[in-house]
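The values are calculated or read from the model by the stated rules, or taken from the named source; none is laboratory data. Just so it is clear, the model here is predicted, and its values are computed rather than measured. A quick note on method: Cβ atoms are made from the backbone with ideal geometry, for glycine too, and the neighbour counts reach across all protein chains shown.
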Amino acid sequence: MDHTEQQRLGAPEPVALRQAPLGGQANSGAAQRLLEAQVPYYAEQAGEVALFEHAHRQCLPLLIKGPTGCGKTRFVEHMAARLGRPLITVSCHDDLSAADLVGRHLIGPEGTVWADGPLARAVRTGAICYLDEVVEARKDTTVVLHPLADDRRVLPIERTGEQLVAPPGFMLVISYNPGYQNLLKSLKPSTRQRFIALNFGYPAPAVEQAILQTEAGVDAALAARLVKLAEALRRLTDHDVEETASTRLLVMAARLVASGVPLLPACQAAIVNALTDDADTAAALDEVVRAVIGHGG
Ligand SMILES: Nc1ncnc2c1ncn2[C@@H]1O[C@H](COP(=O)(O)OP(=O)(O)OP(=O)(O)O)[C@@H](O)[C@H]1O
Ligand SMILES: [Mg+2]
């Protein structure tokens, strides 16, 4: 199959531990540390962690919108681990068919066997199913989500006649980047109105600084400089880049610096050259980099 799929099977922890909220009184210090070690780091932007937990509890599907590299995938990974659910991720593309999601019959040595697709597997196992860049998928594909995303919570499998009922742990999460969106690629209203929606942007400066320190292991002063640079780059609107400097690019620049690359070439490689192919635009971005971090970098 064409889609990429990651499945993180729930670690074999005691159920009580898996269901206890982080910081809950029920956990011993050691168990708490064990749990935290298994949860991918995620710095919250604005109440989205609690919102996700409520949505999960209420069996509501979630749409996350936001620019590239702002933490959408990390957020979903964090929440799946935090809630103790397996995570099944599908990167959507324009060739993705309903069968790729739901499943198909395969011919093997024993004859024809049914093979669940990632969506059916997620429903059966009560996983969190994350469909990334969902607007890329063909519209007939997204329609298979409808009975699953509304109060019916079922996945009909036409070819086998099965009707899978989603258990309470199952949650559907979809995301896309509205920046790339065109009219042809927007979600049908009947699809989007089945989801509650969260708008992500780049994190506030203090949060982004903490992310750089944690993700790249750089000190507060360097992280603060890179965040200043990002703020200056994000203020530029009049240039030929599709999207501005993301948190992801800042993390990459910080990791280069942590590894011993001087700040200026690290920013040029991880930020300026990554943002554009156009020589004039690169020169303009480079000027901002030099102005903010200084020539000595
Ligand atoms: N809030 C956050 N907490 C921790 N790390 C973050 C956060 N936001 C961004 N990052 C860092 O930025 C990187 C990119 O984030 P992520 O892959 O989640 O972006 P995304 O929004 O899914 O982007 P895309 O739309 O391109 O898939 C992460 O690997 C992580 O290092
Ligand atoms: Mg992503």
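A quick yes/no check of all residues on (1) closer than 15 Å to residue 72 by Cα; (2) under 21 Å from the mean Cα position of the chain (by Cα); (3) not assigned by TED's automatic domain parsing to the domain that holds residue 64:
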position: 96; (1), (2), (3): no, yes, no
position: 120; (1), (2), (3): no, yes, no
position: 125; (1), (2), (3): no, yes, no
position: 129; (1), (2), (3): yes, yes, no
position: 156; (1), (2), (3): no, no, no
position: 159; (1), (2), (3): no, no, no
position: 172; (1), (2), (3): yes, yes, no
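Within the stretch 70-77, none of the residues are within 30 Å of residue 253 (Cβ to Cβ) and away from ligand 1 (no atom under 13 Å from the Cβ).
Determine whether residue 191 is of a type in the set (Ser, Thr, Tyr), in contact with a helix residue (DSSP H, G or I) (Cβ under 7 Å, 6 or more places away or on another chain), at pLDDT below 95 and surrounded by 13 or more Cβ atoms within 10 Å (Cβ to Cβ). So residue 191 fits the description; yes. Considering each of 110, 53, 77 in turn, give the residue that is acidic (Asp, Glu) and under 18 Å from residue 196 (Cβ atoms). Result: 53 is the single residue among 110, 53, 77 that is acidic (Asp, Glu) and under 18 Å from residue 196 (Cβ atoms). Could you tell me whether the stretch 137-152 includes any residue that is touching a residue at least 24 places away in the same chain (Cβ under 8 Å) and within 16 Å of ligand 1 (Cβ to nearest atom)? There is at least one residue in the stretch 137-152 that is touching a residue at least 24 places away in the same chain (Cβ under 8 Å) and within 16 Å of ligand 1 (Cβ to nearest atom).
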